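For reference, the structure is listed below as structure tokens.
Read the figures in this text as sums done on the coordinates, not as results from a lab. Here the structure is a predicted model, which means the values were calculated and not measured. Don't worry about glycine lacking a Cβ; one is built from the backbone with ideal geometry, like all the others, and counts go over all protein chains shown.
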Amino acid sequence: MKMRKILFLLVLTFYSVCVADDSLLFRADFDAFSVTADYAGGGRESTTFKNPSLQLRMWKGIDGKGNALALEKSERCAYPLDGNFNPKQGTVSFWVAPLNWKPGDHGFQWFFTASQPDFTMHVYKYVWPNCLFFYISSSRIPGDNKRLSAKVHIRDEDWGENVWHKIDAVWDRTGMKLYVDGVLPKKVKWLDPVVHFTAPVDFPDAASGSIALNNEPSQREEDKYQRTAFDNLRIYNRPLSSAEVYDEYAKYRTSTFGSDREVPILPIPEEKIPVTLDGKIDPDE
């Protein structure tokens, strides 16, 4: 009987891990020293690496644990989009560390891109110093501006060499949010981490296209050897809540970036309900 109970608990634990979040479409941790995805709803193999082995692209993972992928600015790691990404809504989550550049430098740093007909998404450091952008372009966005961006200010003091940061780009038919280190940063002048669409957007279904880390190869001689490390790439087919984004970051450390964590405001009853400590919860209580 005892053995049956142990076996049942083991099966239950295994099942719980396997179905922990059925909205997960894609996961790449690079701990197996390969660019082959650990899990994928579509193609797992990189379309830009003939040999999936990391070779000289190995790098210590988040806080020195595990392994990460280090890419020069002239390289990109791409995968098929269909099955691995849902343009209609979702969350793209990853950790990134600058290895020999800083946010105050002039020039782009392209972190993540998803591209297919009538839908393009980028997460990148803009050419202007210290500006982090989450960009979506589609003809289906209402109004004259078919290209919208959530924007965040990032400081050189926070983004030192080999310092890891977590980025979460969240969107659905109502708008976009850009989280850094588990929180929505404070708005700084015109840099707003939240975009609200003027009307609900019916983005296209997934089609033939690509998703990629470090997407845009450098054309400038002076910065093509800049390097960036990536780890724990996750793609979900739903927008994660602010609590879920924070909790994933808090598995590694406490966030000190930007604003405080969002806390739900609970209504206060006009009359206090008397509570009797009898071990039972009455309807009024």
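Would you mind counting up the charge near N51? Only other residues with Cβ under 14 Å from its Cβ, with Lys and Arg at +1 and Asp and Glu at -1. Computed value for this residue: 0.
Radius of gyration (Cα atoms) of segment 89-219, expressed as a multiple of 2.2 N^0.38 Å: 1.04. One equal scatterer on each Cα of segment 38-159, no solvent, Debye formula: the resulting log10 I(q)/I(0) at q = 0.10 Å⁻¹ is -0.38. Taking packing as the residue-averaged number of other Cβ atoms within 10 angstrom, the listed peptides 147-159, 190-202 run from highest to lowest as 147-159, 190-202.
How much length is gained on full extension from D156 to R173, taking 0.36 nm per residue of separation minus their Cα-Cα distance?
Here the answer is 2.8 nm.
Which shape class applies to segment 185-239: rounded if a/c is under 1.5, otherwise prolate when a/b exceeds b/c and oblate if not, where a ≥ b ≥ c are the square roots of the Cα gyration tensor eigenvalues? Oblate, since a/c reaches 1.5 and b/c is not below a/b.
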